[in-house]
Amino acid sequence: MVDYHPFDSGWRFSGGIFASDTSITASSTITSATTIGDNDYLTGTIDGSVKFKRKVAPMLSVGYDWQFENGWSVNADLGAIVTGLKATATGSEGIDQVDLDKEIADVQDELDKIPAIPYIAFGVNYRF
């Protein structure tokens, strides 16, 4: 991150690179009639994930530092990580991957509408 302090205050604008292999995974077991793609399934398990499209992405934020005379400071940042999200899913026990791919395409269409991931941070520092 690179900080730019435009005023004689604690305000700052920051830009840099965010590196992460962040993902969310989930598993679901079908226990009643469920339509996936063009077919109905009565049983099966679906494993899915959503992760950043890029492991390295640009990041922008605005923040403020509150400095105290005894060496302590508190800071806050609000910004965005400019990356998209990618969804994947696999099924077992006879779930057709073609049906899952149709569902994932719908999910991916919705995820593609999100151009950036919000970023918020709070910190406490002490200088000695």
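The values are calculated or read from the model by the stated rules, or taken from the named source; none is laboratory data. Predicted, not measured: the structure shown is a model, and the values here were computed from it. Every residue, glycine as well, gets a Cβ built from its backbone with ideal geometry; the counts of neighbours run over all protein chains shown. The protein model used for the area step is the full one, side chains on, heavy atoms only, and it has no ligands, DNA or RNA in it. Shrake-Rupley method; radii C 1.70, N 1.55, O 1.52, S 1.80 Å.
In the chain, what % of DSSP beta bridges are antiparallel (nearest 5)? Intermediate values should be presented prior to the final figure.
Working: 50 of 50 bridges.
So the antiparallel bridges amount to about 100 percent of the total.
The largest accessible area among Phe128, Phe7, Phe13, Phe122 belongs to the first residue in Phe128, Phe122, Phe7, Phe13, and the rest follow in falling order (1.4 Å probe, all chains).
Under a model in which nothing but the beta-carbon of Lys, Arg (+1) and Asp, Glu (-1) is charged, the chain shows a dipole of about 640 debye around its Cα centre. The share of Cα pairs per 5 Å bin across the chain, counted from zero up to the longest distance, runs 2, 9, 15, 14, 12, 10, 9, 8, 6, 6, 4, 3, 2, 0 percent.
Given a 1.4 Å probe and the protein chains as shown, Tyr126 ends up with an accessible area of around 110 Å². Label-to-label distance, Ser23 versus Glu69, with points set 7 angstrom from Cα along the beta-carbon direction: 5.3 nm. Calculated mean residue ellipticity, 222 nm, the chain: -4000 deg cm²/dmol, from DSSP H runs (n ≥ 4) at -39500 (n - 2.57) each, averaged per residue and rounded to 500. Note on surface exposure: Ile114, Ile30 rank Ile114, Ile30 by accessible area, highest first, 1.4 Å probe.
As a ratio to 2.2 N^0.38 Å, the alpha-carbon radius of gyration for the stretch 76-128 is 1.88.
Against the chain, whose longest principal axis is taken from its Cα atoms, helix 97-111 shows a tilt of about 30°. A dipole drawn for the chain from +1 and -1 charges on Cβ atoms has a positive end, and of Ser23, Thr35, Pro6 the residue lying farthest that way is Pro6.
Please identify, among Gly44, Gly94, Gly71, the residue showing maximal mean-square fluctuation in a Gaussian network model of the chain using a 10 angstrom Cα cutoff. Comparing Gly44, Gly94, Gly71 in the GNM, the peak value goes to Gly71.
Could you work out what % of the accessible surface of the stretch 1-111 is carbon and sulfur, using a 1.4 angstrom probe and leaving DNA, RNA and ligands out of the count?
Heavy-atom surface of the stretch 1-111 belonging to carbon and sulfur, 1.4 Å probe: 58 percent.
Taken per residue, the accessible surface of the chain reaches 68 Å², heavy atoms only and a 1.4 Å probe.
Comparing Val50, Val74, Val62 in a Gaussian network model of the chain, where Cα atoms under 10 Å apart are tied by springs, the biggest mean-square fluctuation is seen for Val74.
I'd like the trypsin sites (Lys or Arg not before Pro) in the stretch 44-128 restricted to DSSP loop residues with at most 10 other Cβ atoms within 10 Å, sorted by number. It would help to have the intermediate numbers written out before the result.
Numbers: sites: Lys51, Lys53, Arg54, Lys55, Lys86, Lys102, Lys113, Arg127; in loops: Lys53, Arg54, Lys55, Lys113, Arg127.
For trypsin sites (Lys or Arg not before Pro) across the stretch 44-128 that sit outside H, G, I, E and B with at most 10 neighbouring Cβ atoms in 10 Å, the list reads Lys113, Arg127.
Take a quick pass over the stretch 1-115 and tell me how many lysine pairs come in under 14 angstrom between Cα atoms, counting only ones 8 or more apart or on separate chains.
Working: Lys51/Lys86; Lys53/Lys86; Lys53/Lys113; Lys55/Lys86; Lys86/Lys113.
Number of lysine pairs found: 5.
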